[in-house]
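Asks: Please read through the structure below; I'll follow up with questions.
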């Protein structure tokens with residue numbers, strides 16, 4: 001091959017190589033785009049429960065009726081920080097809805113007891129006790145509006161001095177966490193600690 005033919009063919013080879021690299025990079029990035037883009041919010045609980053989307057991931061059956069009860073026993077030490085265990089309920093709903101599970105096929109309940117009991121207080125009661133607004137107030141409202149049942153262990157309330165009049169409007173007082181967890185399991189719910 002003479003010098004001029006070689007120079008004319010090099011740009012084509014170089015452009016083909018660059019095209020191949022671009023295609024390869026796009027292929028890699030599309031496989032990780034959900035992670036690279038970061039978590040997304042909604043669609044069930046709009047401002048809480050961020051999730052990563054994974055298409056065709058193992059475990060999802062869009063025909064199952066999901067009945068999950070979150071067993072929440074602890075809370076952050078900082079009273080101004082939202083409880084991530086409560087937010088897991090929003091994540092559960094958002095994650096499955098984004099994956100195509102109809103909302104009417106998901107039932108979620110939360111049982112608060114132990115250290116998480118304080119998160120069941122109304123904003124006024126929380127502010128009175130901890131001198132800050134309840135960081136879970138909006139989350140509890142959003143979960144309740146989405147049909148999530150939120151229970152407070154009556155034994156926790158009694159031992160910690162939480163009066164029924166101090167509870168957040170979305171909270172149902174139960175005789176005990178043990179009772180609610182047992183009853184819901186008998187009714188076919190899965191307990192998620």
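Values quoted throughout were computed directly from the atomic coordinates according to the rules given, and no laboratory measurement underlies them. This is a predicted model, so every value here is computed, not measured. Here the Cβ positions follow ideal geometry from the backbone for every residue, glycine too, while neighbour counts run over all protein chains shown.
Asks: When residues of segment 49-100 are filtered for being more than 15 Å from the chain's Cα centre (by Cα) and crowded, with 18+ Cβ neighbours inside 10 Å, how many remain?
Replies: Number of matching residues: 1.
Asks: Conditions first: (1) surrounded by fewer than 18 Cβ atoms within 10 Å (Cβ to Cβ); (2) touching a helix residue (DSSP H, G or I) at 6+ places or on another chain (Cβ under 7 Å); (3) free of Cβ contacts under 8 Å to residues at least 40 places away in the same chain. Residue 141 passes all but one, so which condition is the exception?
Replies: Residue 141 satisfies every listed condition except (2).
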